[in-house]
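Heads up: the structure comes next, in C-alpha coordinates.
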Ligand code: BTN
(Lines give C-alpha, C1' and ligand atoms only; values in the text may rest on other atoms or scores of the structure.)
Protein backbone atom coordinates (compact mmCIF):
# COMPACT_ATOMS: atom_id res chain seq x y z
CA UNK A 1 0.00 0.00 0.00
CA UNK A 2 2.79 2.40 0.94
CA UNK A 3 4.62 1.43 -2.28
CA UNK A 4 1.42 2.15 -4.25
CA UNK A 5 1.08 5.53 -2.60
CA UNK A 6 4.65 6.46 -3.52
CA UNK A 7 4.08 5.41 -7.14
CA UNK A 8 0.96 7.55 -7.24
CA UNK A 9 2.86 10.54 -5.79
CA UNK A 10 5.71 10.09 -8.30
CA UNK A 11 3.19 10.04 -11.17
CA UNK A 12 1.45 13.12 -9.79
CA UNK A 13 4.79 14.94 -9.67
CA UNK A 14 5.43 13.95 -13.30
CA UNK A 15 2.00 15.20 -14.37
CA UNK A 16 2.44 18.51 -12.52
CA UNK A 17 5.88 18.94 -14.11
CA UNK A 18 4.53 18.08 -17.59
CA UNK A 19 1.63 20.50 -17.16
CA UNK A 20 3.97 23.25 -15.99
CA UNK A 21 6.24 22.72 -18.98
CA UNK A 22 3.29 22.80 -21.41
CA UNK A 23 1.94 25.98 -19.83
CA UNK A 24 5.38 27.48 -19.90
CA UNK A 25 5.67 26.62 -23.58
CA UNK A 26 2.46 28.52 -24.18
CA UNK A 27 3.79 31.37 -22.06
CA UNK A 28 7.13 31.50 -23.80
CA UNK A 29 5.58 33.51 -26.64
CA UNK A 30 4.31 36.05 -24.14
CA UNK A 31 7.62 37.69 -23.39
CA UNK A 32 6.69 41.31 -22.90
CA UNK A 33 7.20 44.23 -20.54
CA UNK A 34 3.75 44.07 -18.94
CA UNK A 35 4.07 40.44 -17.95
CA UNK A 36 7.62 40.85 -16.75
CA UNK A 37 6.83 44.00 -14.77
CA UNK A 38 4.03 42.18 -12.95
CA UNK A 39 6.64 39.73 -11.55
CA UNK A 40 9.28 42.32 -10.53
CA UNK A 41 11.03 43.50 -8.43
CA UNK A 42 12.25 40.46 -6.52
CA UNK A 43 14.71 40.70 -3.64
CA UNK A 44 14.61 44.47 -4.20
CA UNK A 45 16.14 44.30 -7.70
CA UNK A 46 14.64 44.39 -11.19
CA UNK A 47 13.14 47.87 -10.90
CA UNK A 48 13.01 50.14 -12.83
CA UNK A 49 12.67 47.83 -15.82
CA UNK A 50 13.71 48.80 -19.35
CA UNK A 51 12.34 46.32 -21.87
CA UNK A 52 13.26 46.41 -25.56
CA UNK A 53 12.04 44.33 -28.44
CA UNK A 54 15.36 44.97 -30.15
CA UNK A 55 18.47 46.70 -28.85
CA UNK A 56 22.12 46.63 -29.97
CA UNK A 57 23.37 45.41 -26.56
CA UNK A 58 21.67 45.41 -23.14
CA UNK A 59 25.09 45.99 -21.52
CA UNK A 60 25.66 49.10 -23.63
CA UNK A 61 22.16 50.34 -22.84
CA UNK A 62 22.65 49.67 -19.10
CA UNK A 63 26.02 51.45 -19.13
CA UNK A 64 24.40 54.52 -20.72
CA UNK A 65 21.61 54.47 -18.12
CA UNK A 66 24.11 54.04 -15.28
CA UNK A 67 26.11 57.05 -16.54
CA UNK A 68 22.87 59.04 -16.38
CA UNK A 69 22.49 57.96 -12.73
CA UNK A 70 20.15 54.93 -12.97
CA UNK A 71 19.60 53.33 -9.56
CA UNK A 72 20.97 50.10 -8.10
CA UNK A 73 18.73 47.25 -9.28
CA UNK A 74 17.79 48.77 -12.64
CA UNK A 75 17.17 45.97 -15.13
CA UNK A 76 17.54 46.10 -18.92
CA UNK A 77 15.98 43.23 -20.89
CA UNK A 78 15.77 42.67 -24.64
CA UNK A 79 14.02 40.07 -26.74
CA UNK A 80 16.68 40.50 -29.42
CA UNK A 81 20.20 41.98 -29.50
CA UNK A 82 21.79 43.04 -32.76
CA UNK A 83 25.28 43.77 -31.38
CA UNK A 84 25.53 41.65 -28.22
CA UNK A 85 29.05 41.41 -26.81
CA UNK A 86 31.01 38.76 -24.95
CA UNK A 87 34.48 38.41 -23.45
CA UNK A 88 37.51 38.97 -25.69
CA UNK A 89 35.44 41.35 -27.90
CA UNK A 90 33.54 38.38 -29.27
CA UNK A 91 30.03 38.88 -30.57
CA UNK A 92 27.10 37.28 -28.75
CA UNK A 93 24.04 36.38 -30.72
CA UNK A 94 20.50 36.84 -29.34
CA UNK A 95 17.92 36.08 -32.03
CA UNK A 96 14.30 37.12 -31.28
CA UNK A 97 11.90 34.90 -29.29
CA UNK A 98 14.56 32.39 -28.34
CA UNK A 99 16.91 33.56 -25.59
CA UNK A 100 17.44 35.75 -22.57
CA UNK A 101 19.55 38.89 -22.72
CA UNK A 102 19.59 40.99 -19.57
CA UNK A 103 21.80 43.50 -17.80
CA UNK A 104 21.53 44.61 -14.19
CA UNK A 105 22.95 47.84 -12.82
CA UNK A 106 24.44 47.15 -9.40
CA UNK A 107 25.90 49.71 -7.04
CA UNK A 108 27.06 47.64 -4.08
CA UNK A 109 28.16 49.31 -0.85
CA UNK A 110 31.38 48.41 0.95
CA UNK A 111 33.04 47.07 -2.13
CA UNK A 112 36.18 45.07 -1.42
CA UNK A 113 38.46 43.19 -3.80
CA UNK A 114 36.81 39.91 -2.74
CA UNK A 115 33.32 41.26 -3.38
CA UNK A 116 34.37 42.60 -6.74
CA UNK A 117 35.96 39.34 -7.82
CA UNK A 118 32.88 37.42 -6.77
CA UNK A 119 30.40 39.68 -8.58
CA UNK A 120 31.74 38.30 -11.80
CA UNK A 121 30.75 34.73 -10.93
CA UNK A 122 27.47 35.64 -9.30
CA UNK A 123 25.50 35.73 -12.55
CA UNK A 124 26.82 32.32 -13.57
CA UNK A 125 25.94 30.84 -10.17
CA UNK A 126 22.37 32.18 -10.37
CA UNK A 127 21.92 30.61 -13.82
CA UNK A 128 23.34 27.27 -12.64
CA UNK A 129 20.90 27.23 -9.72
CA UNK A 130 17.90 28.21 -11.86
CA UNK A 131 18.64 25.48 -14.40
CA UNK A 132 19.14 23.01 -11.55
CA UNK A 133 15.67 23.88 -10.24
CA UNK A 134 14.28 22.98 -13.69
CA UNK A 135 16.06 19.64 -13.54
CA UNK A 136 18.96 20.54 -15.83
CA UNK A 137 22.40 19.95 -14.35
CA UNK A 138 24.69 22.86 -15.14
CA UNK A 139 28.15 23.99 -14.04
CA UNK A 140 30.21 27.18 -14.02
CA UNK A 141 33.02 27.09 -16.54
CA UNK A 142 35.37 29.55 -14.91
CA UNK A 143 35.14 32.47 -14.81
CA UNK A 144 31.69 33.26 -16.18
CA UNK A 145 30.22 30.68 -18.54
CA UNK A 146 27.52 28.15 -17.80
CA UNK A 147 27.77 24.74 -19.40
CA UNK A 148 25.53 21.67 -19.52
CA UNK A 149 26.47 18.23 -20.84
CA UNK A 150 26.01 19.38 -24.48
CA UNK A 151 27.96 22.62 -24.23
CA UNK A 152 27.79 26.27 -23.24
CA UNK A 153 24.29 27.64 -22.60
CA UNK A 154 25.09 31.00 -21.01
CA UNK A 155 27.75 33.67 -20.79
CA UNK A 156 28.16 36.49 -18.30
CA UNK A 157 29.82 39.83 -19.00
CA UNK A 158 30.46 42.08 -16.00
CA UNK A 159 31.63 45.61 -16.66
CA UNK A 160 32.43 48.32 -14.14
CA UNK A 161 33.12 52.01 -14.06
CA UNK A 162 35.65 53.50 -11.63
CA UNK A 163 35.88 56.99 -10.22
CA UNK A 164 39.44 57.02 -8.96
CA UNK A 165 39.57 54.29 -6.30
CA UNK A 166 35.79 53.96 -6.07
CA UNK A 167 33.59 51.70 -8.11
CA UNK A 168 30.72 53.83 -9.45
CA UNK A 169 28.62 50.97 -10.73
CA UNK A 170 28.75 47.48 -12.18
CA UNK A 171 26.73 46.14 -15.10
CA UNK A 172 26.10 42.42 -14.81
CA UNK A 173 25.06 41.10 -18.23
CA UNK A 174 23.74 37.61 -18.85
CA UNK A 175 22.98 35.90 -22.13
CA UNK A 176 21.23 32.51 -22.01
CA UNK A 177 20.34 30.27 -24.97
CA UNK A 178 16.83 29.00 -24.28
CA UNK A 179 15.42 27.44 -27.46
CA UNK A 180 17.34 25.67 -30.26
CA UNK A 181 16.95 28.76 -32.46
CA UNK A 182 19.33 30.65 -30.15
CA UNK A 183 22.24 28.21 -30.56
CA UNK A 184 24.95 29.74 -32.77
CA UNK A 185 26.49 27.81 -35.62
CA UNK A 186 29.45 25.61 -34.63
CA UNK A 187 31.75 27.61 -36.90
CA UNK A 188 31.00 30.79 -34.93
CA UNK A 189 32.09 29.50 -31.52
CA UNK A 190 35.24 28.09 -29.98
CA UNK A 191 33.38 26.03 -27.39
CA UNK A 192 30.37 23.82 -28.25
CA UNK A 193 27.11 25.74 -27.76
CA UNK A 194 23.83 24.33 -26.46
CA UNK A 195 20.47 25.54 -25.20
CA UNK A 196 18.27 24.95 -22.16
CA UNK A 197 15.42 23.30 -24.05
CA UNK A 198 17.89 20.87 -25.63
CA UNK A 199 18.47 19.37 -22.20
CA UNK A 200 14.82 19.20 -21.10
CA UNK A 201 11.65 17.77 -22.61
CA UNK A 202 9.41 20.70 -23.46
CA UNK A 203 9.34 24.43 -23.75
CA UNK A 204 10.58 26.73 -21.02
CA UNK A 205 9.06 30.01 -19.86
CA UNK A 206 11.64 32.72 -20.51
CA UNK A 207 9.85 35.05 -18.10
CA UNK A 208 9.81 32.43 -15.34
CA UNK A 209 13.49 31.70 -15.87
CA UNK A 210 14.46 35.38 -15.95
CA UNK A 211 12.58 36.19 -12.73
CA UNK A 212 14.11 33.18 -10.99
CA UNK A 213 17.63 34.24 -12.03
CA UNK A 214 17.05 37.81 -10.79
CA UNK A 215 15.71 36.48 -7.50
CA UNK A 216 18.78 34.32 -6.97
CA UNK A 217 21.14 37.19 -7.81
CA UNK A 218 19.25 39.38 -5.34
CA UNK A 219 19.47 36.92 -2.51
CA UNK A 220 23.19 36.15 -3.02
CA UNK A 221 24.04 39.84 -3.39
CA UNK A 222 23.83 40.37 0.38
CA UNK A 223 26.22 37.47 0.96
CA UNK A 224 28.97 38.24 -1.52
CA UNK A 225 31.67 38.20 1.16
CA UNK A 226 30.36 35.06 2.87
CA UNK A 227 31.96 31.63 3.08
CA UNK A 228 28.63 30.24 1.86
CA UNK A 229 28.88 31.81 -1.61
CA UNK A 230 32.49 30.68 -1.93
CA UNK A 231 31.35 27.09 -1.24
CA UNK A 232 28.51 27.51 -3.73
CA UNK A 233 30.98 28.69 -6.42
CA UNK A 234 33.28 25.75 -5.76
CA UNK A 235 30.36 23.32 -5.65
CA UNK A 236 29.17 24.53 -9.06
CA UNK A 237 32.61 24.63 -10.67
CA UNK A 238 33.05 22.57 -13.85
CA UNK A 239 36.02 20.17 -14.30
CA UNK A 240 36.91 20.19 -10.59
CA UNK A 241 39.37 17.38 -9.86
CA UNK A 242 39.99 16.95 -13.59
CA UNK A 243 43.01 17.71 -15.79
CA UNK A 244 42.53 21.04 -17.52
CA UNK A 245 44.39 23.25 -19.95
CA UNK A 246 44.67 26.93 -19.00
CA UNK A 247 45.61 29.36 -21.74
CA UNK A 248 46.23 33.08 -21.72
CA UNK A 249 47.73 35.54 -24.16
CA UNK A 250 51.28 34.58 -23.23
CA UNK A 251 51.02 31.22 -21.45
CA UNK A 252 49.57 27.74 -21.60
CA UNK A 253 49.77 24.99 -19.01
CA UNK A 254 47.99 21.86 -17.88
CA UNK A 255 47.24 20.68 -14.37
CA UNK A 256 44.41 19.42 -12.19
CA UNK A 257 41.75 21.93 -11.19
CA UNK A 258 41.53 21.84 -7.41
CA UNK A 259 39.14 24.69 -6.71
CA UNK A 260 39.03 28.45 -6.19
CA UNK A 261 40.71 30.94 -3.92
CA UNK A 262 38.53 33.45 -2.07
CA UNK A 263 39.21 35.93 -4.88
CA UNK A 264 37.86 33.42 -7.41
CA UNK A 265 41.24 32.56 -8.86
CA UNK A 266 41.99 29.00 -9.93
CA UNK A 267 43.96 26.58 -7.75
CA UNK A 268 45.82 24.29 -10.13
CA UNK A 269 47.92 21.30 -9.08
CA UNK A 270 50.87 20.77 -11.43
CA UNK A 271 52.33 17.34 -12.23
CA UNK A 272 55.26 17.96 -9.86
CA UNK A 273 52.78 18.36 -7.00
CA UNK A 274 53.07 22.13 -6.67
CA UNK A 275 49.79 24.07 -6.41
CA UNK A 276 49.70 27.40 -8.23
CA UNK A 277 47.14 30.20 -8.30
CA UNK A 278 46.03 31.53 -11.66
CA UNK A 279 43.53 34.14 -12.70
CA UNK A 280 43.45 36.86 -15.29
CA UNK A 281 41.15 38.67 -17.66
CA UNK A 282 42.59 36.91 -20.67
CA UNK A 283 42.53 33.33 -19.40
CA UNK A 284 40.43 30.42 -20.59
CA UNK A 285 39.99 26.92 -19.24
CA UNK A 286 39.04 23.71 -20.96
CA UNK A 287 39.36 20.01 -20.17
CA UNK A 288 42.55 18.53 -21.65
CA UNK A 289 40.69 15.99 -23.75
CA UNK A 290 38.41 18.65 -25.18
CA UNK A 291 40.48 19.53 -28.26
CA UNK A 292 40.16 15.94 -29.46
CA UNK A 293 36.40 15.79 -28.71
CA UNK A 294 35.80 19.21 -30.29
CA UNK A 295 37.68 18.16 -33.42
CA UNK A 296 35.43 15.11 -33.80
CA UNK A 297 32.31 17.28 -33.36
CA UNK A 298 33.30 19.63 -36.20
C1 LIG B 1 30.68 35.57 -23.01
O2 LIG B 1 30.32 34.41 -23.15
O3 LIG B 1 31.79 35.94 -23.42
C4 LIG B 1 29.75 36.55 -22.32
C5 LIG B 1 28.50 36.79 -23.10
C6 LIG B 1 27.59 37.81 -22.43
C7 LIG B 1 26.39 38.14 -23.27
C8 LIG B 1 25.40 39.00 -22.55
S9 LIG B 1 23.85 39.07 -23.38
C10 LIG B 1 23.33 40.35 -22.34
C11 LIG B 1 24.50 41.28 -22.19
N12 LIG B 1 24.59 42.20 -23.29
C13 LIG B 1 25.70 42.04 -24.01
O14 LIG B 1 26.02 42.71 -25.01
N15 LIG B 1 26.42 41.05 -23.50
C16 LIG B 1 25.80 40.46 -22.33
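The values are calculated or read from the model by the stated rules, or taken from the named source; none is laboratory data. Keep in mind it's a predicted model, so treat the numbers as computed, not measured. With ideal geometry, Cβ positions are generated from the backbone for all residues, glycine too; neighbour counts draw on all protein chains shown.
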Inset, instruction - Would you please name the residue that is surrounded by the fewest Cβ atoms within 10 Å (Cβ to Cβ), looking only at residues in the stretch 234-243 that are out of contact with any helix residue (DSSP H, G or I) (no Cβ under 9 Å at 6 or more places or on another chain) and part of a helix (DSSP H, G or I)? - result: 235
Legend entry - Count - residues of the stretch 180-222 that are modelled with pLDDT under 95 and part of a loop (DSSP other than H, G, I, E, B): 13
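Matching residues to (1) surrounded by 21 or more Cβ atoms within 10 Å (Cβ to Cβ); (2) under 26 Å from residue 134 (Cα atoms); (3) within 16 Å of the ligand (Cβ to nearest atom):
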position	(1), (2), (3)
163	no, no, no
182	yes, yes, yes
206	yes, yes, yes
232	no, yes, no
245	no, no, no
250	no, no, no
262	no, no, no
274	no, no, no
Legend entry - Only listed residue being more than 14 Å from the ligand (Cβ to nearest atom) and either modelled with pLDDT of 95 or more or under 28 Å from residue 234 (Cβ atoms) (or both), chosen from 174, 105, 147, 111: 111
Inset, instruction - Please enumerate the residues belonging to the stretch 43-98 that are under 19 Å from residue 217 (Cα atoms), part of a strand (DSSP E or B) and either within 11 Å of the ligand (Cβ to nearest atom) or modelled with pLDDT under 95 (or both). - result: 76, 77, 78
Legend entry - Per-region count, the stretch 225-252, residues touching a strand residue (DSSP E or B) at 6+ places or on another chain (Cβ under 9 Å) and farther than 20 Å from residue 88 by Cα: 12
